[in-house]
């Protein structure tokens with residue numbers, strides 16, 4: 001199997017609103033029309049999160065649009081989808097979420113070979129001053145890059 005990864009969707013707001021502590025890669029259980037729709041890029045991770053409980057992990061709030069060429073048998077666009085993780089991984093994440101007040105959110109959906117995978121992350125929410133500091137640093141870095149480019153010309 002090739003190590004090729006093709007990004008299908010990403011959740012860019014996560015890095016703005018949260019501190020990413022740990023990352024995991026999980027498989028996702030999808031229906032046939034969902035697979036076709038995801039490969040066509042009809043997926044939105046914006047308001048989604050991972051629900052851990054009773055030895056299972058579910059992706060909640062992820063919107064997968066309908067597949068254009070599907071027949072009568074479509075799918076519910078915002079249903080809960082099971083994530084495929086080992087039991088020990090689920091228990092470890094659930095323990096950290098329970099103890100420390102952390103949460104688990106999806107970062108990206110990608111193709112790895114022929115498999116659709118989800119990159120999930122254990123995150124802690126940023127406070128307002130942290131968000132401002134991040135924006136300030138990003139602006140300063142952008143200005144510094146621009147100054148270097150201008151100087152090279």
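A search for C-beta distances below 7 Å between a residue of the stretch 89-102 that is over 12 Å from residue 22 (Cα atoms) and any residue that is part of a loop (DSSP other than H, G, I, E, B) and at pLDDT below 90, counting only pairs 6+ apart in sequence or on different chains, returns 90/55.
Scanning the stretch 103-126 for residues that are surrounded by fewer than 21 Cβ atoms within 10 Å (Cβ to Cβ), touching a helix residue (DSSP H, G or I) at 6+ places or on another chain (Cβ under 8 Å) and over 14 Å from residue 22 (Cα atoms) yields a count of 3. Working only within the stretch 64-90, note down all residues that are in contact with a strand residue (DSSP E or B) (Cβ under 9 Å, 6 or more places away or on another chain) and either at pLDDT 90 or above or part of a helix (DSSP H, G or I) (or both). The answer is 80, 81, 82, 83, 84, 85, 89, 90. Condition (residue is surrounded by fewer than 13 Cβ atoms within 10 Å (Cβ to Cβ) and either outside any helix (DSSP H, G or I) or within 18 Å of the chain's Cα centre (by Cα) (or both)) applied to the stretch 127-136: is it met by at least one residue? Yes, some residue in the stretch 127-136 is surrounded by fewer than 13 Cβ atoms within 10 Å (Cβ to Cβ) and either outside any helix (DSSP H, G or I) or within 18 Å of the chain's Cα centre (by Cα) (or both). Among the criteria (1) over 16 Å from residue 29 (Cβ atoms); (2) touching a residue at least 60 places away in the same chain (Cβ under 8 Å); (3) within 12 Å of the chain's Cα centre (by Cα), the one residue 43 does not fulfil is (1). Scanning the stretch 64-77 for residues that are within 30 Å of residue 101 (Cα to Cα) and either surrounded by fewer than 15 Cβ atoms within 10 Å (Cβ to Cβ) or in contact with a helix residue (DSSP H, G or I) (Cβ under 8 Å, 6 or more places away or on another chain) (or both) turns up just one, 64.
The values are calculated or read from the model by the stated rules, or taken from the named source; none is laboratory data. Being a predicted model, the structure only gives us computed values, none of them experimental. When we count neighbours, we look across all protein chains shown, and the Cβ atoms used for this are built from the backbone with ideal geometry, even at glycine.
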